[in-house]
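Down below is the structure, laid out as structure tokens.
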Amino acid sequence: MSTIVFTAGAKGGTGKSTAARFLITYMRKHGADPLLLDLDDENRTLSRFFPEALQVEIKRRSSHDILVERALSGSSLIIADLKAGTGSDVLDWWLDVPFEELQSLNLGFVCVACVTSSPDSVHSFLHWVDALRDRVTYVVFRNLKDGDYLPDYDESDEALSFRQTFDPHHVVLPRLDEEYVSELERLDLTVAEVLDSSDGVSAWGQKHRTGTLPADGQGTASPVPAGYL
């Protein structure tokens, strides 16, 4: 069976691309080799961290064909990072995927979402749930970046109904220091790359032994922050 794992393109800033990066790193650590599709044509976050990701233009209806062809031609696991947004464009594009037909060909879908303490993060995700229903299974990352208490997800009747009806899997994304997160984003590093080091030197550091970042567009170089080599 082939599986397409996709991020719910709901409210921006919830950490969905971060969740996708953790998920990819975890899968690779456990022997899986997912095909990566970057469908965020505005930010291309996934491609920055995983240059091997295939960039797909989501505005083109034919981009559905890429998902289908890859899944049916031997890519048993696909991770697709969708563009964030509270509008209906991304969801409408995704709903054009022929779910029932593909499921009959033994192709499954997993929706990955991130919720925070922000009510909008929960409401926008549940809007996707209302549209997708049981055509997919759900994995919800509880992003604790703003605190452990997620009232709209933990206590609202709508969220409770979702959990009772669809029995989603949950993953806790602990709060990371904002300064470190910013540096990781700036250096295009994952947490795993920092931790997975040889003699105290990460894969990134091995490429930049001089102790400076590559020259920027102004022809200057910036020092590498302590702890990132």
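The values are calculated or read from the model by the stated rules, or taken from the named source; none is laboratory data. All of these numbers come straight from a predicted model, not from anything done at the bench. Every residue, glycine among them, receives a Cβ derived from its backbone with ideal geometry; neighbour counts consider all protein chains shown.
A few notes on this one:
- Filter result for THR18 (in contact with a helix residue (DSSP H, G or I) (Cβ under 6 Å, 6 or more places away or on another chain), assigned to a helix (DSSP H, G or I), modelled with pLDDT of 80 or more and assigned by TED's automatic domain parsing to the domain that holds PHE125): no
- Within the option set LYS83, LYS29, being farther than 30 Å from ASP152 by Cα and assigned by TED's automatic domain parsing to the domain that holds PHE166 holds for one residue only, LYS29.
- Test: residue in region 90-112 that is hydroxyl-bearing (Ser, Thr, Tyr) and either more than 21 Å from GLU69 (Cβ to Cβ) or within 18 Å of the chain's Cα centre (by Cα) (or both): no
- Residues that are modelled with pLDDT of 95 or more and basic (Lys, Arg), drawn from region 143-175: ARG163
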